[in-house]
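The values are calculated or read from the model by the stated rules, or taken from the named source; none is laboratory data. Just so it is clear, the model here is predicted, and its values are computed rather than measured. For neighbour counting, all protein chains shown are included, and Cβ atoms are generated from backbone atoms with ideal geometry for every residue, glycine included. Please note that ligands, DNA and RNA were not included when accessible areas were found on the heavy atoms of the full protein model with its side chains. Shrake-Rupley method; radii C 1.70, N 1.55, O 1.52, S 1.80 Å.
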Amino acid sequence: MNPYALSILLSSLAVGTITTLSSSHWFLAWVGLEINTLAMIPLMTKMHHPRSTESATKYFLTQAAASALILFSTIMNAWTTGEWTIITMNDNSSTLMLTIALAIKLGIAPFHLWLPDVMQGLNLTTCLILATWQKLAPMSLMIMTNHQLNTNLLVTMAVLSAVIGGWGGLNQTQIRKMMAYSSIAHLGWMTLVLSFSPNLTALNLMIYLMLTSSMFLMMTTLNSTNINKLSTSWLKAPLLASSMMVTLMALGGLPPTSGFLPKWLILQEMTKQHLGAVSTLMAMSALLSLFFYLRLSYAISLTTAPNTSNSNMTWRMAHNQMQILPTMIMLTTMMLPITPTLLAMLN
C-alpha cells in the first residue's frame, strides 16, 4: 500500500478513536465510530484477495448495522429525555438497543459470529488492529454508560461469550480464528464486571491489549498463521518461541503471569456480589480457553515439525521493526507483583 495512503488511514483510525473517547455528545461519539469503520475497510482490502474482500464486506455490514442501531437508540433517548449527553441514557428501550449495538461492534456473544470469519481473511497486522485498537472506542462507551446498562443482560452476554469463546477455539487449526475466539472470551470477562466495577473492566482491557498485541507481533515475526507453521518456529527462533509459550499461558490466565491478575480480581468482585454460580461458570469456561492455549504451547515446544528444516538455527533475530516486542513480552509476564500499584492508579 502507498505509504501516504497508509499514513492517512492510520491517522483516521487514531482520530476516530480519540473523537469517541473525548466526546460527551452522542452524535460526536457516533461520528468517531464511523470514521474508525471507514478507515479500517481499505486496510482490510489491501491484500487484493477474495477472502480479504469477503472479510471487509462482512465487517462493513455488521458495523453499519451496529452504527445505525446506536444512532437510532440515541435519537430515541433524545426524543424522550431531551438530552444528547452520553451519561444521560435514561430510556430503557434506548439503553437496551445501545447495549446490543455496542455488543455487535465489539463481537460479544451472541453477536460474535462475524469476528472469526473476518479475522481469518486478514493479514496479521490488520488482525492486530482489529483485535486491539478497534475495541477501544466501543468499550469506552460501555464504560461511560455502565451505570445505566441492564446488568442481567450484561451478565448473560458475558457468560455466553466466555463459554462460546472457549468452546469455539477448541477444534481450530488457524491461529487467527483461535485469537478471535480468545478475544470473544476476554470480552466476556470485561462485560461481566462492567456494572459492578468499571475500573476492573478498564484494567482487564489494558492487560488484554498488551497480551494480544505481543501475541500478534510474535506471530508476525515468525510468520505463523496455523499450527503446522507454528511447530517449526522453535527451529527459527527458540527464545521467541518460548516467549510465545509464556504469552499463551498469560492469555489463559495462569499465575504468575499478568493474565492471572484480571481473572483473579474479577472472580473476587463477583463473589463479593454473591454471584457464586456465575463465578464458577466463568472459571470453568476459562479452562476451555486454557485447553487450546495449551494445545498451541504443545505445538510450539513439544512436537517435532512434520517436515525437515534445512536452515541453520539463527543465534539472533535479524534487525526488524519489532523493537517494542521485548517490552510487550516483559509486560505480559511481570505485572502481577505490581497489582497494588495498578489498583491504586485505577481508583
Tell me, what is the 1.4 Å probe accessible area of Glu34, in Å² to the nearest 10?
-> 50
Using alpha-carbon coordinates, inclination of helix 238-252 to the longest axis of the chain, degrees = 30
With runs of 4+ DSSP H residues as the only contributors, calculate the mean residue ellipticity of the chain at 222 nm using -39,500 (n - 2.57) per run, divided by the residue total and rounded to the nearest 500.
-> -24000 deg cm²/dmol
From the backbone phi of region 76-83, what are the Karplus-calculated ³J(HN,Hα) couplings (6.51 cos²θ - 1.76 cosθ + 1.60, θ = phi - 60°) in whole Hz, Gly and Pro given as x?
-> 4, 5, 5, 5, 7, 9, x, 10
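Ignoring any ligand, DNA or RNA, what whole percent of the accessible area of region 1-107 comes from carbon and sulfur when the probe is 1.4 angstrom? Kindly include the intermediate steps, with their values, before the conclusion.
Details: 3710 of 5160 Å².
Here it works out to 72 percent.
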Highest-MSF residue in the chain out of Leu154, Leu115, Leu170 [GNM, Cα springs under 10 Å] | Leu170
Mind checking the alpha-carbon convex hull of region 35-97 and giving the volume per residue in Å³?
-> 75
Report Arg295's accessible area, 1.4 Å probe, all protein chains in place, as a number in Å² to the nearest 10.
-> 70
Which one of Ile35, Ile324, Ile164 has the biggest mean-square fluctuation once the chain is modelled by GNM with Cα springs under 10 Å?
-> Ile324
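Calculate the tail of P(r) for region 50-138: the fraction of all Cα-Cα distances greater than 16 Å, expressed in %.
Numbers: 2219 of 3916 pairs.
Within region 50-138, distances greater than 16 Å cover 57 percent of Cα pairs.
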Residues with amide H under 5 Å from that of Asn123, placed H, sequence gap 5 or more = none
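Could you work out the relative contact order of the chain, using alpha carbon pairs under 8 angstrom and six or more residues apart, expressed as a whole percent? All intermediate terms of the calculation are to be shown ahead of the outcome.
Values: 494 pairs, mean separation 51.3, N = 347.
Reported relative contact order: 15 percent.
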The rounded separation in angstrom of the Cα centers of region 246-264 and region 105-184 is 18
So what does Met144 come to for accessible area, using a 1.4 Å probe and Å² rounded to 10?
-> 60
Quick one: which residues, 5 or more positions from Asn226 or on another chain, have an amide H under 5 Å from its amide H? H modelled 1.01 Å from N in the peptide plane, none for Pro or chain starts.
-> Ile175
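What number comes out for accessible area per residue over the chain if the probe is 1.4 Å? Units Å², please.
Averaged over the residues of the chain, the accessible area is 44 Å².
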Rg and Dmax of region 101-256, Cα atoms, in Å?
-> 15.6, 53
Determine ³J(HN,Hα), in whole Hz, for all residues of region 220-236 in sequence, where each value follows from phi through the Karplus function 6.51 cos²θ - 1.76 cosθ + 1.60 and θ = phi - 60°; x replaces Gly and Pro.
-> 5, 4, 8, 6, 10, 10, 9, 5, 4, 5, 5, 5, 8, 5, 5, 5, 7
Sorted list, accessible surface of protein heavy atoms, 1.4 Å probe, largest first, for Tyr298, Tyr59 is Tyr298, Tyr59
Against the longest principal axis of the chain, how steep is helix 151-168, in degrees 0 to 90 to the nearest 10, with axes from Cα atoms?
-> 20
Computed over the chain: longest principal axis from alpha-carbon atoms vs helix 92-106 long axis, angle to nearest 10 degrees, is 20
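Using the alpha carbon gyration tensor of region 1-107, what are the three equivalent-ellipsoid semi-axes (square root of 5 times each eigenvalue), largest first, in whole Å? Each step should come with its number before you reach the end.
Working: eigenvalues 177, 53, 12 Å².
So the three semi-axes of region 1-107 are 30, 16, 8 Å.
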Measuring from the lowest to the highest alpha carbon on each principal axis, how far does the chain reach, largest first, in angstroms?
-> 70, 50, 35
Find the centroid of the Cα atoms in region 324-347 and in region 27-102, then give the distance between the two in whole Å.
-> 32
With charges only on Cβ, +1 for K and R and -1 for D and E, what is the dipole size of the chain about its Cα centre, in debye, rounded to 20?
-> 840
Among rounded, prolate and oblate, which fits region 89-152 when a ≥ b ≥ c are the square roots of the eigenvalues of its C-alpha gyration tensor, a/c under 1.5 means rounded, and a/b larger than b/c means prolate?
-> prolate
